[in-house]
Amino acid sequence: MHGTMSDEDWVTTTEFLSKFSSTRTLVMHGGFTRHGLELWPLTTKLLASMPSLQHLSLNRQYWGLLLPRVKKYVQSLTLKRLTIHGVSESKEAPRGLFGPASFTELELSDYEENARATAALIRWPRKLRRFHFESFYNNRHYMDLTMFGTWLSVHKEVLEDIYIGYLSVGSKGKIIDLTQFRDLKSLTLSRYSFTDDLKSCVTDAKRLLAPNLEKFTWSFSVYDQHCESWDAIGEKEELWLHQFAKIAASQPNPLKKIHIIFDPDYWGYRIEDGYPWDRLDRVRDSCRQLNIKLTYTKPALTKEAWLERVEEEKKMGEARIRGPGDVCLLSKEHEESIEGRDIREYFLSTLGTQLRDD
């Protein structure tokens, strides 16, 4: 809905949408800033007319999606899942945002609230079986995995699935302790929540391996203006996975599966870094001997396609160095000197053609 809506428009919209009494999933996108005064009353009427609703998804387009308002309109609902994308930071105190909400699954993304409000939000449901918290993007507040561990501990008897993306800068290495989460079956954490050197694998594993954990997912995803780097999976990541799998296999209830989320772009690799999925295949083979299944997302390039590109780059490099006739000779020093200059000079050197002004 763009622009100004008349009172008649709102009446018509409300009457139309209120007819869907058997709705089980309701998704609302945007309008909390521009139409906030009208949208929340409409939300009240819609929710009252949908007794079978199980999943409510609220998504902001700009701002205005605030936790105190969500609490006000969701408190009385009998939901199974609540999804909130784009929570704006509220100036209101978060007190009163806890219990007893009915939903057992909570998904949060593009989240700007502070630690205190987050703790209250996690305490809000009576029982939380699934918690999904996407990576920080616009959040200016400090939070780390140990803080989430404390907040989630109120649900340690029932939580089955935890997903937490990368968090604040400076929070690396503060690993969540899940040893008391007896029902936890699936855990997903960001690689970037661990230390850069990954030398604390033994300590990490002891904290992460909940008594009945079946699946661990290690995510290299980056949810902002960048993508995963081809060299993100290197020697230390390979070693960490080997060690983690051995420790996991030695537990009374051994881990069954390790999954790697790694999806870099089709460019940006360096030949000297090698093909990262070779490392994952080596880990997969060692995990197989431990009766642990390792899987990973589909490679950005197959090994064959990667080798073809490597060979193409090699030939292009050789042609630039020893080009025949009037081909411009391109040394390493000259190639570096081109950086930051007219882009036409790059193509002159790369393609071996002479650029002439008309």
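Computed from the coordinates by the stated procedures, all read-outs in this text should not be read as laboratory data. No experiment lies behind these values; they were computed from the predicted model shown. Positions of Cβ are backbone-derived with ideal geometry, glycine not excepted, and every protein chain shown enters the neighbour counts.
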task = Note down the relative contact order for segment 150-269 as a percent, whole number, built from C-alpha pairs under 8 angstrom at least six residues apart.
result = 26 percent
Full-extension gain in nm, Asp263 to Asp197, via 0.36 nm per residue minus C-alpha separation = 21.6 nm
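List the relative contact order of segment 1-122 as a percent without decimals, with contacts defined as Cα pairs under 8 Å and 6+ residues apart.
Details: 186 pairs, mean separation 25.9, N = 122.
About 21 percent, as a whole number.
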remark   = For the chain, longest principal axis from Cα atoms; helix 276-289 axis from its Cα atoms; angle between them, nearest 10 degrees, is 60 degrees
message = So if each residue of separation counts as 0.36 nm, and I subtract the Cα-Cα distance between Ser250 and Leu17, what length gain in nm does that give?
response = 78.3 nm
request  = For Arg282 and Gln243, compute 0.36 nm times the residue count separating them, minus their Cα-Cα distance, and round to one decimal in nm.
outcome  = 12.8 nm
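Please compute the alpha carbon radius of gyration of segment 1-122, then divide it by the globular-protein estimate 2.2 N^0.38 Å. Two decimals is fine. Provide the component values of the computation, followed by the final result.
Details: Rg = 14.3 Å, N = 122, 2.2 N^0.38 = 13.7 Å.
Computed over Cα atoms of segment 1-122, the ratio equals 1.05.
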task = Give me Cys227, Cys287 ranked fewest to most by other Cβ atoms within 10 Å of their Cβ, as a rough exposure proxy.
result = Cys227, Cys287
query = What is the distance, in nm, between label points placed 7 Å from the Cα along the Cα-to-Cβ direction at Ser153 and at Asn138?
reply = 3.3 nm
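Could you please rank Met316, Met50, Met5, placing first whichever residue has the fewest other Cβ atoms within 10 Å of its Cβ?
On the way: Met316 12, Met50 20, Met5 15.
Ascending Cβ contact count within 10 Å gives the list Met316, Met5, Met50.
Let's test the formula: R0 of 45 Å, r as the Cβ-Cβ distance of Lys127 and Gln61. What FRET efficiency results, to the nearest 0.05?
Details: r = 32 Å, r/R0 = 0.70.
Rounded to the nearest 0.05, the efficiency is 0.90.
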query = About its Cα centre, how strong a charge dipole does the chain have in debye, to the nearest 20, once Lys and Arg get +1 and Asp and Glu get -1 at the Cβ?
reply = 2280 debye
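How do Ser76, Ser18 rank when sorted from fewest to most other Cβ atoms within 10 Å of their own Cβ?
Result, fewest neighbours first: Ser76, Ser18.
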remark   = Once the dipole of segment 10-128 is set up from charges on Cβ (+1 Lys and Arg, -1 Asp and Glu), the residue from the list Ala115, Ser88, Ser102 lying farthest towards its positive end is Ser102
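Counting only C-alpha contacts under 8 Å and six or more residues apart, can you give the relative contact order of the chain as a whole percent?
Details: 626 pairs, mean separation 28.7, N = 358.
Over the chain, the number comes to 8 percent.
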Amide N of segment 168-189 lying under 17 Å from the label point, which is placed 7 angstrom from the Cα of Thr295 along Cα→Cβ = 185-189
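Given the rule -39500 (n - 2.57) for each run of at least 4 DSSP H residues, summed and divided by the residues of the chain, what is its mean residue ellipticity at 222 nm, to the nearest 500 deg cm²/dmol? Intermediate results must be reported in sequence, preceding the final value.
On the way: 11 runs with 122 residues, N = 358.
So the helix-based figure for the chain works out to -10500 deg cm²/dmol.
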